[in-house]
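> Please see the structure below; I have some questions.
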Amino acid sequence: MKRQISKANFSFVSSELEHYNSNGLITEEQKNGILEIYEIKGGLNFIRVVVTIGALLVGLGILSFIASNWDGISHLVKLLIIFGVFGGVNMAGFMLSENYPKTGRSLVYMGALVYGAGIFLIGQMYNFGGDFPTAFLLWSLGIMPMAFQLKDKYLMLFANILFGVYLNGSYNLGFPYAGWAGVPIVYLTFSYFEKSKLLLFFANLTTLSFILQITLRYEVKGLYVAVIFFLIGLLMYGIKHNLGPDIFRVQGNILFGVTGIILTIPEIWDVLVSAQTTRLVSVVFAFALIALLFALIRKGSLISLIFVCITIFRYYTDTFAFLPKSLFFIVGGLLLLGFGYYFERMMKTSKGGTLA
Amino acid sequence: MTKKKTFLLAVLIPLLILSMMTIKPQATLLFGQQIALETKAFDPTDLFRGDYVAISFAISDIPKSKVTLPSDKVNNKTLYVSLKQEGIYYVIDQVSENKPKQGVYLRGKFQDRYNPNGVVDQYSVDYSLDKYFLEQGSGQDLQQESSTGGLVATVKVLGGYGVLTGISNR
C-alpha cells in the first residue's frame, strides 16, 4: 500500500526532490521512484461538502422553525413531526449508505440537528425555565450512539462540542456533575475514532473547561486558578507521551503563555502577599516567565516568541508614566534584538525550529 | 448484533431521551394542582427556543423574616416553599428544608439579595418557571399589560415540580 500524505506535504516532497534532481544528487528515475511510494490523502471531497452543507442548512432551518414557535400547528403535532423526520432521515441515511454513502451520511447529520430541535421544542412545550444547559447535555448524549455506530469522528466532535457548551453553561445552575463521566469518555474513545487529532484537541479543551468549573465550584481564588492552569500548561507542554504529543505541546504552550501573562497582573497576587509587594512579586514573575519563554524559544518554540511580544506589549499599555515606559520599550527592543541574534545563530548551526 | 440492529438502537436512543423528557412535565399537567401566581413580564429571545416572556413572580422575592432557617442553610440551597391561597393568588406560607407532608409547595433555589446598604434582607428564589414561550412577535402585548398592572400566571404543581401553563391579564 502506498504511503498517504496530505496534498501540501506531497507538493513539498516533490519540489524538494526536484531540487535534489536539478543539483545532480539523485537521478530522474530515483526521483520518480520516491514519488511513486506516496499517495495524496483524501482531503476535501466536493460532493461530501455540498451534501453536508445542504443537510446542515435543512437541520438549522428546522431548529429555527421550532424557535419561531409558529402556532399554526400544535406542540404535539410538531413533536410528532420531529419524531417522524428524525426516524425518516436516519432510515433514508441507512438505506443510502450502500450506494450513496456521502448523501446517506449527510442525512444522518441532519438527524442530529433534528433531534436537537426536538429537545428545544419540549423545552418550549412545558415552558422550562432557566438557561437549560441540560439541553446540550442531552443533545450530546443522544447523538453519541450514532457517532459510535458509524465511527464518525465529526459526529463525535459535535457531541464533544455540545458537551463543552453544557459544561460552560451550567455556571449558575449547580455543578455539571456529568463532567466526571464525560471527560474520561472523550479520552477512552480517542483510539476508537482513529486517533483523530481534531477530537483530541477538543477533548483537551473540554477537560480544561471542566477543571475550570471545578475551581469555580470550590470558589478557588483567581491567583490559584491561574497558577493551576499555568502548571497544567507546563505539564501538557513538557510531559513526554505518545497520545498526540504535538497537540498537547501547542495547547500547553498557549495555556501557560496566557495564564503566565495573567499572573503578571499585580492585583491578582493580593491574596498571597501584602498590597505593597504585589507589584514586586508580579514583576519577578514576569522576568521568570520571560526567561522560561526564551529558553523555549531557543529550543525552537515560535508560540513562546509570540508570548514574549505580548508580555512586552502588556507592560507598554500598563501605564501612562512615559519615562518608565520608555525604559520598558528599550529593554523590550534589546530583548528582541538578542532573540534575533539567537535565531540567526540557531539557523547557522542548522538546528531548525518547530512550531511548538 | 448486526449493523442494522445497532443502527436502529442509535436511532431509538435519542427518541427515548426525547420521550423521557416529557414524562415529568406531562404528568404534572395531567395530575398536578392548578394555582395562580402574581407576576410581572418582559419579552426577550432565546437562540434555540425562540421568543419568550420572562416573568418574575411575587413569590420569588421572599423577605428574610419569612425564613426561620439559619442564613448559611439558605443561600445557594434548594428549599421547599409552601404556598397558601389568599384571594385568587397563592402566596408564601413558609419555607422548609424537607419536603412538606401536605399542601401546595414548590422547590426553588435560594439566593441572597442585598439591599442598597449591603445587608441581606431578602432572598430571590428561582423556581425554574421564569420563561413562557410564545410565537415570535406576540410578546409585546403581554409586556405592555404587565407594565400597567399585574399579570396572572397559572402553574400546575405536582410534588414540588411546577409547569407554567399560561399567562393572562388580571
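The values are calculated or read from the model by the stated rules, or taken from the named source; none is laboratory data. Note that the coordinates shown come from a computational prediction; the quantities given were computed from them, not determined experimentally. We place every Cβ from the backbone using ideal geometry, glycine too, and count neighbours over all the protein chains shown.
> Which is part of a helix (DSSP H, G or I), at the interface with another protein chain (Cβ under 9 Å from one of its Cβ atoms) and in contact (Cβ under 8 Å) with a residue 60 or more places away in the chain, of B:Leu18, B:Leu9, B:Leu29?
After applying the criteria, what remains is B:Leu29.
> Within the stretch B:49-69, track down each residue that is assigned to a loop (DSSP other than H, G, I, E, B) and either in contact with a Gly (Cβ under 8 Å, 6 or more places away or on another chain) or among the hydroxyl-bearing types (Ser, Thr, Tyr) (or both).
Passing the criteria: B:Arg49, B:Thr68.
> Also, quick follow-up: What about A:Gly111, is it facing chain B (nearest Cβ under 9 Å), in a helix (DSSP H, G or I), buried (at least 24 other Cβ atoms within 10 Å of the Cβ) and more than 24 Å from the chain's Cα centre (by Cα)?
Against the criterion (facing chain B (nearest Cβ under 9 Å), in a helix (DSSP H, G or I), buried (at least 24 other Cβ atoms within 10 Å of the Cβ) and more than 24 Å from the chain's Cα centre (by Cα)), A:Gly111 qualifies.
> So, in the stretch A:235-265, of the ones that are more than 20 Å from A:Thr206 (Cβ to Cβ) and surrounded by fewer than 19 Cβ atoms within 10 Å (Cβ to Cβ), which residue ends up modelled with the lowest pLDDT?
A:Asn242
> Among the basic types (Lys, Arg) and within 18 Å of A:Met144 (Cα to Cα): does that describe A:Lys195?
Against the criterion (among the basic types (Lys, Arg) and within 18 Å of A:Met144 (Cα to Cα)), A:Lys195 qualifies.
> Further, regarding this structure: Scan the stretch A:19-39 for residues that are outside any loop (DSSP other than H, G, I, E, B) and farther than 18 Å from A:Ile5 by Cα and jot them down.
Correct list: A:His19, A:Tyr20, A:Asn21, A:Ser22, A:Glu28, A:Glu29, A:Gln30.
> May I pose another question? Just name the residue that is farthest from A:Leu107 (Cα to Cα) out of those in the stretch A:1-59 that are polar (S, T, N, Q), exposed (fewer than 13 other Cβ atoms within 10 Å of the Cβ) and under 24 Å from the mean Cα position of the chain (by Cα).
The selected residue is A:Ser6.
> Kindly list the number of the only condition in (1) crowded, with 17+ Cβ neighbours inside 10 Å; (2) farther than 25 Å from A:Val165 by Cα that fails for B:Asp112.
(1)
> Answer yes or no: is there a residue in the stretch A:91-99 that is surrounded by 15 or more Cβ atoms within 10 Å (Cβ to Cβ) and within 8 Å of chain B (Cβ to nearest Cβ).
So far as the stretch A:91-99 goes, yes, one or more of its residues are surrounded by 15 or more Cβ atoms within 10 Å (Cβ to Cβ) and within 8 Å of chain B (Cβ to nearest Cβ).
> Name the single residue, out of those in the stretch B:90-132 being in contact (Cβ under 8 Å) with a residue 60 or more places away in the chain and touching an Asp or Glu at 6+ places or on another chain (Cβ under 7 Å), that is nearest to B:Thr45 (Cα to Cα).
B:Ser124
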